[in-house]
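Peer 1: Handing you a structure now.
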Amino acid sequence: MLAIAALLGVLAVALAWPVPVALSRAEWPARAPGLALALWQAIALGGALSMIGCLVVVGTAPDGSIVGSAEALLPAFASGPIPAEFGVVHLVALTLAAGLAVHLALNLAATAARAERERRRQHQLIAILSDPMPGEPRTRVLAHPVPLAYCVPGLRTATVLTEGLVAVLSPDELRAVVAHERTHLEQFHHLVLLAFRAWHQALPWFPIANRAERAVTVLTEMLADDGARRATGAAPLAGALERLGVAGEPGAYADSGGVEPDRETVEARLARLRSPGPPLGGLARIATAVVAVVIVATPLVAMLMIIR
Amino acid sequence: MANLGELERSVMERLWASDAALTANELRDRLTLVGEAGEAGDRSPATTTVLTVLARLERKGFVSRSRDVRPHRYRALLSRAEHTAEMMHEVLDRASDRDAALARFIGTATPGETDTLRRLLDELARR
């Protein structure tokens with residue numbers, strides 16, 4: 001029992017710091033962004049499960065099983081003394097495990113509800129303030145000079161371009177931008193981002209949460225870039241990114257002093273579009289996938305072992 | 001018959017085009033006038049439909065109603081440009097929160113970037 005708790009504790013610590021730090025510094029995610037995105041999700045999920053699992057294993061040690069401990073402890077809430085074999089350490093561990101699980105779940109629910117409210121509001125505004133773009137389904141043009149493109153995910157989706165963007169980009173570049181947004185929508189990137197956003201909000205003091213959220217954001221951009229590349233080739237999107245992301249169009253930002261986007265990210269995306277590195281080898285892919293599965297499966301199996 | 005969303009849009013366009021506040025009947029007449037030639041009568045929405053649309057728009061914060069006279073008169077709360085600018089603010093705020101409600105194209109949001117865009121929006125609004 002102690003060995004399982006120690007294993008989960010080590011896994012939780014590894015997934016909380018060294019593993020994500022190494023992943024955020026690695027160069028291969030740009031060559032396999034989908035796989036890297038899956039690995040980030042496994043790290044976040046596996047980390048949370050290991051942390052909770054470690055506490056559960058420690059807390060249920062006197063009885064040896066989760067169900068048995070629940071049967072012994074839950075009646076004590078209503079009436080009667082807490083069974084003597086459960087000491088302070090066990091009770092604290094179980095309280096922390098339950099608290100952490102509830103905290104994470106509530107944060108996810110609250111973030112999802114807020115995002116849903118925001119989307120509904122966006123659809124209302126889009127329906128009244130924007131015009132449909134001819135020839136592009138579910139794409140709307142907003143009469144505003146600041147060049148911007150974004151998409152509203154959900155059951156009903158919309159891609160919104162501003163007049164400023166339409167004026168600055170060539171037709172090919174515009175098609176590439178729409179394909180980029182559409183890839184975000186088709187691959188449900190908002191769900192991954194939502195989970196990491198919730199995780200970050202639930203554990204703001206957690207050193208790795210910010211880094212993870214950032215890495216995941218960049219990976220979804222790269223996946224959307226790949227979608228645009230499949231639709232229009234790399235050149236139009238690189239052109240659009242150059243014009244908006246890095247160089248900025250002198251006329252587009254008028255007397256604003258220029259916009260400073262996240263130069264590093266845009267440069268990384270541009271470099272990738274200009275010369276995509278060799279795709280990650282088959283063996284490395286399989287190894288990464290196995291690691292992702294093991295990370296999530298270990299705490300799950302450990303908890304299943306002591307369920308009864 | 002147009003769906004409710006399209007009707008909301010048409011009603012807002014009439015309100016934005018009008019200097020004075022309008023009653024539901026006046027709005028209905030204006031909606032009829034722009035109906036396609038020959039089928040104008042068919043395309044006119046019923047006053048109750050216009051009232052429903054106005055109630056929805058009021059709830060969504062697009063329309064204000066003056067209740068001191070009968071029939072009630074309606075006007076647009078903000079101009080189209082003001083509303084659009086406000087919407088852009090919301091989009092930029094969401095993007096910097098990375099709330100995952102939206103995803104956006106230009107770069108990934110950094111505080112510096114959204115601050116600059118926000119300043120630009122304010123400058124445009126003052127003009």
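The values are calculated or read from the model by the stated rules, or taken from the named source; none is laboratory data. Computed from a prediction, not measured in an experiment: that's the story for all the values here. Positions of Cβ are backbone-derived with ideal geometry, glycine not excepted, and every protein chain shown enters the neighbour counts.
Peer 1: List every residue pair whose Cβ atoms sit under 8 Å apart, with the two residues 6 or more apart in sequence or on different chains, where the first one lies in the stretch B:76-90 and is polar (S, T, N, Q) and the second, anywhere, is part of a loop (DSSP other than H, G, I, E, B) and crowded, with 16+ Cβ neighbours inside 10 Å.
Peer 2: Once the first residue is polar (S, T, N, Q) and sits in the stretch B:76-90, its partners that are part of a loop (DSSP other than H, G, I, E, B) and crowded, with 16+ Cβ neighbours inside 10 Å give B:84/A:144.
Peer 1: Is it fair to say residue A:83 is outside any helix (DSSP H, G or I), surrounded by 13 or more Cβ atoms within 10 Å (Cβ to Cβ), within 14 Å of chain B (Cβ to nearest Cβ) and not charged (D, E, K, R)?
Peer 2: When the stated conditions are applied, residue A:83 does not pass them.
Peer 1: Just a yes or no: is a residue in the stretch A:252-260 at pLDDT below 90 and more than 8 Å from chain B (Cβ to nearest Cβ)?
Peer 2: yes
Peer 1: Among the residues of the stretch A:199-215, what is the count of those that are in a helix (DSSP H, G or I) and either free of Cβ contacts under 8 Å to residues at least 12 places away in the same chain or within 17 Å of residue A:24 (Cβ to Cβ) (or both)?
Peer 2: 11
Peer 1: In addition: Here is a check on your reading of the model: is residue A:218 at pLDDT 90 or above and either out of contact with any helix residue (DSSP H, G or I) (no Cβ under 9 Å at 6 or more places or on another chain) or not in a loop (DSSP other than H, G, I, E, B) (or both)?
Peer 2: Considered against the rule, which asks whether it is at pLDDT 90 or above and either out of contact with any helix residue (DSSP H, G or I) (no Cβ under 9 Å at 6 or more places or on another chain) or not in a loop (DSSP other than H, G, I, E, B) (or both), residue A:218 comes out as no.
Peer 1: Give just the number: which of (1) more than 8 Å from chain B (Cβ to nearest Cβ); (2) crowded, with 20+ Cβ neighbours inside 10 Å does residue A:153 not satisfy?
Peer 2: (1)
Peer 1: Output the number of residues of the stretch A:140-150 satisfying the condition of being more than 7 Å from every other protein chain (Cβ to nearest Cβ) and without any contact (Cβ under 8 Å) to a residue 24 or more places away in the chain.
Peer 2: Counting residues in the stretch A:140-150 that are more than 7 Å from every other protein chain (Cβ to nearest Cβ) and without any contact (Cβ under 8 Å) to a residue 24 or more places away in the chain gives 1.
Peer 1: Exactly one of (1) part of a helix (DSSP H, G or I); (2) surrounded by fewer than 19 Cβ atoms within 10 Å (Cβ to Cβ) is unmet by residue A:57. Its number?
Peer 2: The number of the failed condition is (2).
Peer 1: For residue B:105, work out the one condition from (1) more than 10 Å from chain A (Cβ to nearest Cβ); (2) at pLDDT below 70 it doesn't fulfil.
Peer 2: For residue B:105, the exception is condition (1).
Peer 1: Please indicate, with yes or no, whether at least one residue in the stretch A:263-283 is under 30 Å from residue A:9 (Cα atoms) and at pLDDT 75 or above.
Peer 2: yes
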